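No value in this document is a laboratory result; all are computed from the given coordinates. Here the structure is a predicted model, which means the values were calculated and not measured. Please note: Cβ atoms are built from the backbone with ideal geometry, for glycine as well, and neighbour counts cover all protein chains shown.
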Amino acid sequence: MDWLKIFSALFIVAMLIFLWPRAGQMIRESRKGTIDEWLWVGLLLLGVAAFVAFLMHSMHSTVV
Amino acid sequence: MSLQNSTVSPRSESLLATNQLIRNTYLMLSLTLIFSAAMAGVSMWMNLPPMISLISMFGSMALIWFVLPRTARSGAGLVTVFAITGLMGLGLGPTINYYLHLEGGDQIVMTALGGTGAIFLALSAYALFSRRDFSFMGGFLMVGMIVVLLAMLGNLFFDLPALSMALSGAVILLMSGFILYDTSRMVNAGEDNYLMMTVSLYLSIFNIFVSLLNILGASRD
């Protein structure tokens, strides 16, 4: 295992240590979303996923 | 002139504060993105080694966790934000250099750049103009972030290209969620500090760009 991987692992562990308490706090303090609100978010993220798929397809088709 | 005309109601005062917060945040975001791009250019020109990326990430995260919360409400906060974004730009140089050396690498980098801009502008504009409240996403986004980080840690040891691509996709969706969440916090007075908002939005843009580079580079192969 090279140094780059070891430092990457350390970086991720440090992020987890710092994010853990904040995540707990945000889960406790976040209000509950309605089904309608989650549907809107799902739709927007689906749009992002479709856009990324389009970019991947256009990148792939320029090679083939 | 009556006194009524010269006084500002609390509602319009809060609207003014929100508009000012939005204007300051986007102005600061534009400046930091330009500065970050310049630093990435310097790093690419100097052909810095990949280890610089990690060192800059450690440095910028230390500034975000320990320095920014203490300086965000003072003039020093401005310097901290430029230091954070400058370091992250410097760390991005070796990554961009790597993709530019691939066949058709310039197209990968330009597509990732355009794609990142399109995703950010579309989501931010939606949250700004619809004025919807996305504050309910906070807990979900943090749990998602922890799950992705754990999977990334696992993939460092297993080194599966398919998992790496799936994780990049997950990061793009998570960061898109953070853009909605942060913009809605600005609009609905959940946050009043433009420096904190700038760093938060900058991190989302940065992560979307890096993940798009990874996905487009892999799909090119």
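Laid out as a table, the results:
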{"read-out": "The listed residue being in a helix (DSSP H, G or I) and under 28 Å from residue A:18 (Cα atoms), out of B:106, B:182, B:133", "value": "B:182"}
{"read-out": "Yes/no for residue B:111 being surrounded by 19 or more Cβ atoms within 10 Å (Cβ to Cβ) and within 22 Å of residue B:52 (Cβ to Cβ)", "value": "no"}
{"read-out": "Any hit, the range B:82-95, residues being within 13 Å of chain A (Cβ to nearest Cβ), assigned to a helix (DSSP H, G or I) and surrounded by fewer than 16 Cβ atoms within 10 Å (Cβ to Cβ)", "value": "no"}
{"read-out": "In the range B:33-81, the residues that are part of a helix (DSSP H, G or I) and either on the phi > 0 side of the Ramachandran plot or among the aromatic types (Phe, Trp, Tyr) (or both)", "value": "B:35, B:45, B:58, B:65, B:66"}
{"read-out": "Options A:5, A:32; residue that is under 22 Å from residue B:167 (Cβ atoms), facing chain B (nearest Cβ under 8 Å), of a type in the set (D, E, K, R) and exposed (fewer than 14 other Cβ atoms within 10 Å of the Cβ)", "value": "A:5"}
